[in-house]
Every structure is written in structure tokens, then in C-alpha cells.
Amino acid sequence: MGKKAIYCLGACLLAAQMSLSAVLPCYAAQIGSGATVESVEEKSFITSVTISPGTTVVSKDTKCSFTAYVAGVNDYSREVAWSVSGQKSQSTFIDTNGILNVASDETASSMVVKAVSKQDSNYSAEALVSVRETMYDIQLQVSPENSGNVYGSGTVKEGADVVISATPDEGFTFDCWTENGNRVSQDSQYTINNVRGDVTYVAEFKRIVCRINVNVNDGNGGTATESRDINYGDGMVLEASAKDGYQFDGWTENGNTVSKDSRMPLDRVTQSRTFTAVFTRKNDEPKTYTITATASSENGTITPAGKSTVKEGEGILYTMTPKSGYAVSNVYVDGKSVGWMNSFNFTDVRENHTISVDFAQSAAKDKNDGAEKKPAQTDKKEEQKEDTADKDKKTDQDRKEEKTDQNDDREKNDNEAPGESDGGQRQESGLTGTLKHLNVSVDEAERLVKGNNDAELMIGALETGDLQLTAHNDFCNGKQETSYYNFEAAVDYFLSGEEKLELLQGSAPAEINLYVKDMDGREPEQVRKEFAEKKLPGMSIGRYFEVSLTASKGGETQTISELPSALKVVIDVPERLKAEKRQFYVLRLHTKEDGSREFAQLTDEDDNPDTITFSTDKFSPYAIAYIDWQAGDGAASGIAGKEPGDRRFRNAAGIVVVLLALAVTVTGVLYIAGKRRR
């Protein structure tokens, strides 16, 4: 075929194509107007995916159902693929049906649930799931009922820490906390960590048990109630029965007779106690003791003088009588000064004793020094001198008659007209009270009071009763007079100079009372707590007591909390506290005027193992404390302050200081090294 033919064929094909492009649209229009043609198949597709609910709140260990809605065209698929994200527990998941399973240990606060179209993964939807905080109940119970109180119960968030505490009622002590019958802690304050469920704790209390020990001094003499334990606050009755040939003498506790009745009830026992039933043979001769009384000079007498025999458990009263112009200056019992007094009463005697008295010139004697004595008076004085041996041989009846004669002479002298019995010195008219008794003028008394030289005047006031000084000591075993010294400090503090002059003239009597009260387990809880916190390590507290001072004048009584100078107090060590190699101390807790507390440790000032002597100028709660230590153990006495200047104490203190300095240095070096390393 030539080129010309080929060109012609191409032109024909082009013309045919142009014709078809013009005809096809017309054909399509004919189809739309109802012409019958064969249809073409349409394709399906997804238009959207949604989830219900879109947001929700769920709890742990629960299930939540979600629904996915898929929209599309033609025959599209409604299936979706479910997933969850943000959970922290491996047990939290969502299944193929859209059900979300929240694990019990899930800790996430929120999660996201997602649904993705299986036909077209480009279409999906999400829902926000919030996890509700779990709350748990903490319940507390008490066992047995009404034995104490508990604190800390309530509703708490999961994972929280809770502190619970328990306090016992009177008569109980805290034992432990239990959960489901298992002991979990012996501390009354207990912390529950990371709470993960409802829980119930029981505070277990134990009733305080007091031991009542009952002994007999002689098993052949009789029988008594057996020892036994009783609950705190309960009571019981002790009974004793003497055997033939014996008699019951009484119940004793700590060496003191507490009852003479064979049947003794004990009400509301609050501590362990020990009692002894005392039996003696009938018609047995009682044990006796000797008391020797002497006067140091011829300026007065003590009655009865010499040696006196006293039955065990009984007493005897001694009277000191100074001669004209003299007064009692000091009295010594068993070699120890007990101050100035005109009488001393031994009670419940159970050992030998001695008593002696010193006399000194009185104010009235000083006043009359210049007066000339009558010969008759001198003769009378010589007649009063007696040989010591003759005094010892006097009978009790002779002593009674002598004392009666002395009292008659004194009464006669008081009633005699001025000038008849005062050695030529006429008694000043108008004198009253103690000044009349001492024959001292008001001016002279005023001079002595202002010069703080009124001791003899105050002694005279004790003689007349214008001034009364009394001690009430629960730790004195009946010997009240030996429980204090230098009561003058209280007199000078309580009475002004003018009040002393009124007292000496009999117009304003005064009374001062010192009380040493055994608390016997009745001390407040706060007092016991403060003493326990402030005492030295290794020191034990054996007994609590209170010391108080009251003074009365003009019908009014006041309580004295402090004195400018100290009183010296002597107490007997309770029998149950006595032990070998035991050092005693007295602890004091004083409340000052501003309300603050002042703690002090007082040492035992005497060498008698049966007594404790201490000086104090403050009146408040006290405690008997002690330290047990072996012979040669210098640390115990040094730490407690018995010998604060002892070389061993100073060496120990030096070692402690060096060790503390070394510890501080090492700590500093370690701190700096740690800083550099970081």
C-alpha cells in the first residue's frame, strides 16, 4: 500500500471517531428516558463509626458494656475491632463483644475504649472511661466491753495509711490489736499501711490484777485468809483466827499496825499489798525497851529523867522545864537535833532511844542580869540541885510528885504580886499572853523581833500555846516530832514583825501545819508521766507523795507553796522499798507562779538506811526514787548526783564529751563527702 492510501485510511478513522463522540451522549440520554439497557454493579463503603456510651465512670472489679454504630453505603460491614488503652493491670481487658472487664487491682484513674471498622480501618471511634476511687471501712472494737476507748475508725481511700489508737479505762491495761483473731501489734498506737479492703481491728485490754499476800508471824499461833489475786477496784475480807494459848494482836502492813480487828475488810484495792496477821502467846511478858533522858545543864530539867522502861508498842511523853530566866534551846533524839520544843512524845516504841535537852538564857534572863538576887532565891536554887544517881533511883510516883510541885511553883509565881518572885525586878504591869509568861516588856520584845533575835520569844509562845507548830507525816511511823527541823523559816515567812508582837501579847494566835501525805497509788496520771519522763535512766520510782504547808491566823488559813529558806524533812523508807545496796533520792515537781513546771532531784542527807532526809523550800508533788547498784559501781552514785565532784564522775563526763565531739566530726566529714560525690 502506498503512502497515499495510508493517508486516506487515517482520515477515515478520524472521521469515524468524531462521529461516535457525537452519537454516545444521545444514547445515554435515551437510556435515562426509559430506554432499556443493561445496569452496572455499585461498590459499598463506610461513612462513620460511633460508640455508646461516649464517657462513663466504672468501679474496680466490675464490667461495662459498649456498643459501636457503623454507618455506610450499599452492603457494608458493621463489624468492629475493640481495644482498650491506659490500663495498668494486666487483668483489665475488653472482649470482642465490647464488654470492658475492670480488674480489682486496677490503679489507673482513666482508660480509652476504641472501636475500629473491620471493613475500613480509616473509620473508628473512642470512649473515655474514668475509674472510680475505692473507699474502705475501718472498724474498731473493744474487748472486753467497757474496758477502754479506741480512736481512728471511719471510711478511707484505697491505699491510704491510717493511725488507730487505744486507751484503757481505770483498772485495765492495753494488751494488743487483733485482726480476725490474729495479733497484729502490741503498741496502743498502730499504723495501718496501704489499706486495700474493709477491715476490723479489736483492741484487747486486760484487767489489772492485784495480789493480796497474807502472812502470819507465827504459824503455831493461828491461821489467816489465804493469799489471792483480785481485780483492780474489787475488795475482799481478811480474817484471822488464833489457836489455843495464843491471841490475835492485829494486822500489820509495812511494819505498821493497820487494824486490831480479826476481820478486816479491804475496799477498792488498787495495788498489790502484803499483810501479816500477828499472834502472841497469852500471858507472855511483853518486850520492853529503855529510853534514857538527860539534861545537858542544871538550867532546867527533863521529866521523867534518867532511864525509863517502855513496853513494846507503847509510848512515853517527855516534858522539858527550864528554870527561871532560861528556855529550851535544842532537843536531841537519838543524837539528832529535832529543834526547840517543850515536850516530845515517843509512840509505838520498838527500840531503845535517847533524848537530851539543852537550855539557854531567855530574853527575861537577859533583862534581869543587872538585878540583885535575893539570898532566899539563891538558897532555893541550891536546894533544887540533885545528884544524878539519886535521880535515877526515883520512882515513877516521885517523878509525878516532882512534876506536880514544879507546876504548882510556876502557877504560884504567875499569881504572885510583882516583885515577890522576880528577884527584886518588878513585873511590868499590863503584860498579857506570852510576854506576861516571859515577863518581857513590849518595847524589849519589839527590839528583839526587829533584830531577828526572837527565837526565845517564839519558844515562849509555844509554851503558852499562842503559837502551834504541827507536822502530819504519813512516813514517820508515829514519830511526828522527828519529821522536820528549823520550823523557824516558816514562822518568819508567815508572820510579820507586827503580827509576832500581837501573837506574843496573846491577841493573835497562829498555827502552822506541815503535811507529808502518802499518795498510795492515788497520784494523778500526769504526775506519774512527768516524773517518768524527767527521772534519770536506771532510776526507779517507788512511791509518790505530796508535801504541803498551811498556816492559820485570824481565823483564815492559807497554803504556802514556797519559802525563802528550806525546811528539812525526814521520812521513813517504806518496808517494801528497803533493799541492800540501794541509794534513795527524792524527786520534786513544782508548779511555779507562771504555770511552768520545775523538776528537781534531792539527795538523801543522812546515812540511816531506814530514813530519807531532804531539804526543800517548795511544797508540791514528790516521789521516792532509788538506784540499785553493786559495791564498787561508782557510775550509779555519780550519775545520780550523790558525789557530783567525784573524780570518776568527772572522768566519765569527759569521755562522754569526747565521744560526742568525735561523732559530730565524723558526721560532718561523711556529709561533705556525700555532697562532693553528688
### Query
Given H placed on each backbone N at 1.01 Å, which residues far from Asp175 in sequence or on other chains put an amide H within less than 5 Å of it?
Glu204, Phe205, Lys206
### Task
For every other residue with a beta carbon closer than 11 angstrom to the beta carbon of Ile560, add +1 if it is Lys or Arg and -1 if Asp or Glu, then tell me the sum.
-1
### Query
Can you work out the base-10 log of I(q)/I(0) for segment 166-212 at q = 0.20, 0.27, 0.32, 0.33 1/Å, using the Debye formula on its C-alpha atoms alone?
-0.70, -1.04, -1.23, -1.27
### Query
To one decimal place, what orientation-averaged projected area in nm² is obtained for the convex hull of the Cα set of segment 231-306?
8.6 nm²
### Task
Please name whichever of Ala108, Ser165, Tyr151 sits farthest to the positive end of the charge dipole of segment 105-178, dipole taken about the Cα centre and charges placed at Cβ: Lys and Arg +1, Asp and Glu -1.
Ala108
### Query
What whole-number value in cubic angstrom gives the convex hull volume per residue for the C-alpha atoms of segment 77-142?
95 Å³
### Task
Go through segment 458-468 residue by residue and turn each phi into a ³J(HN,Hα) via Karplus (6.51, -1.76, 1.60, θ = phi - 60°); whole Hz please, and just put x for glycine and proline.
5, 4, x, 5, 5, 5, 7, x, 5, 10, 10
### Message
For q values of 0.19 Å⁻¹, compute log₁₀ I(q)/I(0) with the Debye formula on a Cα-only model of segment 174-317, without solvent.
### Response
-1.08
### Task
Work out the FRET efficiency for Thr294 and Thr470 from their Cβ-Cβ distance, taking R0 = 30 Å, and round it to the nearest 0.05.
0.70
### Query
Under the Karplus relation 6.51 cos²θ - 1.76 cosθ + 1.60, θ = phi - 60°, what is the ordered set of whole-Hz ³J(HN,Hα) values for segment 495-510, x standing for Gly and Pro?
10, 6, x, 5, 5, 5, 5, 5, 4, 5, 8, x, 9, 8, x, 9
### Potential extension, Ser104-Glu598 segment - 0.36 nm per residue separation minus Cα distance
172.0 nm
### Task
Please give the contour-minus-distance gain from Gln141 to Arg228: 0.36 nm per residue of separation, less the Cα-Cα distance, rounded to one decimal in nm.
28.2 nm
### Summary
Amide H neighbours of Ser83 at under 5 Å, excluding residues fewer than 5 places away on the same chain, with H built from the backbone geometry, are Lys114
### Message
Which order do you get for Thr303, Thr107 if you rank them by accessible area with a 1.4 Å probe, largest at the top?
### Response
Thr107, Thr303
### Message
Quick check: convex hull of the Cα atoms in segment 533-583, volume per residue, rounded to a whole Å³?
### Response
161 Å³
### Query
Taking the Cβ-Cβ separation of Ser89 and Thr167 as r and a Förster radius of 45 Å, what is the calculated FRET efficiency to the nearest 0.05?
0.65
### Task
Any of Lys206/Lys529; Lys243/Lys578; Lys436/Lys618; Lys336/Lys534; Lys500/Lys568 with alpha carbons more than 25 Å apart? Name them for me.
Lys243/Lys578; Lys436/Lys618; Lys336/Lys534
### Task
Enumerate the amide H contacts of Gly250 below 5 Å, restricted to partners 5 or more residues apart or on another chain; note that Pro and chain-start residues carry no placed amide H.
Val278
### Query
By how many nm would the segment from Ser552 to Gln247 lengthen if fully extended, with 0.36 nm per residue of separation less the alpha-carbon distance?
105.3 nm
### Vicinal HN-Hα couplings computed from phi for segment 305-317 (Karplus, 6.51 cos²θ - 1.76 cosθ + 1.60; Hz; Gly/Pro x)
8, x, 9, 10, 9, 10, 6, 4, x, 9, x, 8, 9
### Message
Run through segment 173-249 and list the GluC sites (Glu not before Pro) located in a DSSP loop whose Cβ has at most 15 other Cβ atoms within 10 Å.
### Response
Glu226
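The values are calculated or read from the model by the stated rules, or taken from the named source; none is laboratory data. Because the structure is a prediction, the values reported are computed rather than measured. Please note: Cβ atoms are built from the backbone with ideal geometry, for glycine as well, and neighbour counts cover all protein chains shown. All accessible areas refer to the heavy atoms of the entire protein, side chains included, with ligands and DNA or RNA removed. Shrake-Rupley method; radii C 1.70, N 1.55, O 1.52, S 1.80 Å.
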